[in-house]
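Laboratory data are not the source of any read-out in this text; all were calculated from the coordinates shown. What you see is a predicted model; the values in this text were computed from it and never measured. Here the Cβ positions follow ideal geometry from the backbone for every residue, glycine too, while neighbour counts run over all protein chains shown.
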Amino acid sequence: TSGTMQINLVGMSGSPAGLPVKGNLHTLADTGGVLGGLTMDVVSQTTVTINVDIGQKDHVLTKFRFAANANENVKISRLTLFQNGTAADEDLTNWELLDPNGNVLATVAKATSKVVDFMLATPYVLANGTNRDLTVRVDVVSGSSRTGQAIIQNDYDVTAMGSATGLGILPTAG
């Protein structure tokens, strides 16, 4: 929302000199018209369980759709996923995050305590008003009776910022 804010210290215990102390008046503005916005959602691959052969390389585990939907382009620099299935960390290896053109944005050798933390060397930029699907690919090493699923568990698991303002953006679910 909009409004004004000011700090005004009028007294305290003891006898300090210089009271009252008054800060500058600050105007607050609704940032909805200033900052970028980002929504995220999972792209459904299928509604049924898929059986994958042990030893399969470059298996598409999931896709996430990101949409920049406000007043500036959005840069994504980090994506933290949780491996929500019953697969152990060693079952799924060589995690890759790919852009829509198949370019590898980041890699992780294997999950650590079921967490996969993609740190992009160069932030992925979404132009304002566009949406893009980022693909998560893995190699299936073991775990024949286990399941694998990658999810974005919390909104703070995506590190994004506005291209023009450089301010952090907390994404919302699509």
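Quick look at the values:
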| read-out | value |
| --- | --- |
| ³J(HN,Hα) computed for each position of region 4-9 - Karplus, 6.51 cos²θ - 1.76 cosθ + 1.60, integer Hz, glycine/proline x | 10, 9, 8, 9, 9, 9 |
| Rel. contact order, % - alpha carbon contacts under 8 angstrom, at least six apart, the chain | 28 |
| Rh by Kirkwood over Cα pairs, then Stokes-Einstein D for region 83-138 at 1.567 mPa s and 4 °C, µm²/s | 105 |
| Diffusion constant of the chain at 10 °C, which comes from Stokes-Einstein with the Kirkwood Cα-pair radius and 1.306 mPa s, µm²/s | 85 |
| Simple Cβ-charge dipole of the chain, Lys/Arg +1 and Asp/Glu -1, about Cα centre, in debye nearest 20 | 340 |
| Gaussian network model of the chain, Cα within-10 Å springs - most flexible of T93, T147, T27 | T27 |
